[in-house]
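Q: Have a look at this one before I ask anything.
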Amino acid sequence: MFGYVKISKGELKIKEYDTYKAVYCSLCKRLGKNYGFLSRLTLSYDFTFLALLNMSLKEKCEGYKLGRCAFNPIKKCNYCIDTDFLEMPSAAAIIMLYYKILDNISDEKGLKKLGFMLIKPIYKRAYNKAKKSYPEISEIISEYIRAQYELEKSKCLSIDEICDPTAKALSEILAFCSDDANQKRILERLGYCLGKYIYLMDAFCDFPQDKQNGNYNIINLLDGEDSFDRIEKQIYYCINEAAKAFELLSVKRYKTILGNIIYLGLEDTYLKEKNNEKSV
């Protein structure tokens, strides 16, 4: 995941933003505890959303406590008391990072390729540990990377088809957030819409560089001057469908924060990228 599923900060109350930061910081701390200090660099807004969603569907929440930040020991942050709910999101983050490193080694050339080859052994041990805990997620991400590579290699011309591997991967990962069959179906739909949104956003943001470097990008291959309009319509379709799915979930906590992300954050992120504004 690439950091596009984030809050619209200006629309959150201070207390809600503090809660969001507490989950963000707790996930960072859990990554460091489980997989080593450098694993904290994998933290993203997307996995914070996954952590919030996972916690929101559980029966209990033990609250928060103050603790010191590993990056700034002078600073105190709020952390979740119960961090068991962060196990799956932290493992997914590490597994995703490792496969992206492998993908970049395959795609890049020169110094960039060498750089990824050098950092691969650093994260291999963390990946093996995460894979041992969640082998299903490793299989999901491995298949997603393989399928995405094959479609891009074939110069796929279909928007729906090229988004499908990313959408399916997130669909299956979000299903881990609940054991209830009905909730799983809803989570799968929500994940599929968010996965498609993420792929389209990444294509949209990377378009100038991909065009310059001759890399695959679905926008480059669409016919006509309305290619960006077609992408925009698909992005808004994903946002609207994600909202419909979210409304069906039996959310027990963090509903306002999650709603902020779904109803406001997704569109806000797109509009900021469209207008070349720096996201908060």
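Q: Considering Ile186, Ile173, which residue is in a helix (DSSP H, G or I) and closer than 19 Å to Ser90 by Cβ?
A: Testing whether each residue is in a helix (DSSP H, G or I) and closer than 19 Å to Ser90 by Cβ leaves just Ile173.
Q: Still on this structure, please answer the following. Hey, Leu114 hits all of (1) open to solvent by less than 80 Å² (accessible area, probe 1.4 Å); (2) more than 24 Å from Leu187 (Cβ to Cβ); (3) out of contact with any strand residue (DSSP E or B) (no Cβ under 9 Å at 6 or more places or on another chain) but one; which does it fall short on?
A: (1)
Q: Name the residues in the range 52-62 that are farther than 21 Å from Ala92 by Cβ and either open to solvent by less than 10 Å² (accessible area, probe 1.4 Å) or out of contact with any strand residue (DSSP E or B) (no Cβ under 8 Å at 6 or more places or on another chain) (or both), would you?
A: If the condition is that a residue be farther than 21 Å from Ala92 by Cβ and either open to solvent by less than 10 Å² (accessible area, probe 1.4 Å) or out of contact with any strand residue (DSSP E or B) (no Cβ under 8 Å at 6 or more places or on another chain) (or both), then Glu59, Lys60 are the ones that fit.
Q: For the range 7-48, give me each residue that is small (Gly, Ala, Ser) and assigned to a helix (DSSP H, G or I).
A: Gly10, Ala22, Ser26, Gly32, Ser39
Q: Kindly indicate whether any position in the range 215-223 is more than 19 Å from the chain's Cα centre (by Cα), among the acidic types (Asp, Glu) and open to solvent by 60 Å² or more (accessible area, probe 1.4 Å).
A: The answer is yes, given that some residue of the range 215-223 is more than 19 Å from the chain's Cα centre (by Cα), among the acidic types (Asp, Glu) and open to solvent by 60 Å² or more (accessible area, probe 1.4 Å).
Q: Another question, then. Run Cys77 past the list (1) in contact with a Leu (Cβ under 8 Å, 6 or more places away or on another chain); (2) touching a residue at least 40 places away in the same chain (Cβ under 8 Å); (3) open to solvent by 60 Å² or more (accessible area, probe 1.4 Å) and report the number of the one that doesn't hold.
A: Against the list (1) in contact with a Leu (Cβ under 8 Å, 6 or more places away or on another chain); (2) touching a residue at least 40 places away in the same chain (Cβ under 8 Å); (3) open to solvent by 60 Å² or more (accessible area, probe 1.4 Å), Cys77 comes up short only on (3).
Q: Could you please tell me which pairs satisfy a Cβ distance under 9 Å, a separation of 6+ or placement on different chains, a first residue in the range 254-276 that is at positive phi and open to solvent by 10 Å² or more (accessible area, probe 1.4 Å), and a second residue that is of a type in the set (Asp, Glu) and part of a helix (DSSP H, G or I)?
A: Within 9 Å, the pairs are Tyr254/Glu16.
Q: Output the number of residues of the range 28-51 satisfying the condition of being surrounded by 24 or more Cβ atoms within 10 Å (Cβ to Cβ), out of contact with any Ser or Thr (no Cβ under 6 Å at 6 or more places or on another chain) and either in contact (Cβ under 8 Å) with a residue 60 or more places away in the chain or charged (D, E, K, R) (or both).
A: The total comes to 3.
Q: Can you confirm whether the range 190-198 contains a residue that is farther than 22 Å from Gly32 by Cβ and surrounded by fewer than 20 Cβ atoms within 10 Å (Cβ to Cβ)?
A: no
The values are calculated or read from the model by the stated rules, or taken from the named source; none is laboratory data. The structure displayed is predicted, hence computed values, not measured ones. Quick reminder, even Gly has a Cβ in these numbers, built from the backbone with ideal geometry, and neighbours come from all protein chains shown. Just the protein is used for accessible areas: all its heavy atoms, side chains included, with ligands, DNA and RNA removed. Shrake-Rupley method; radii C 1.70, N 1.55, O 1.52, S 1.80 Å.
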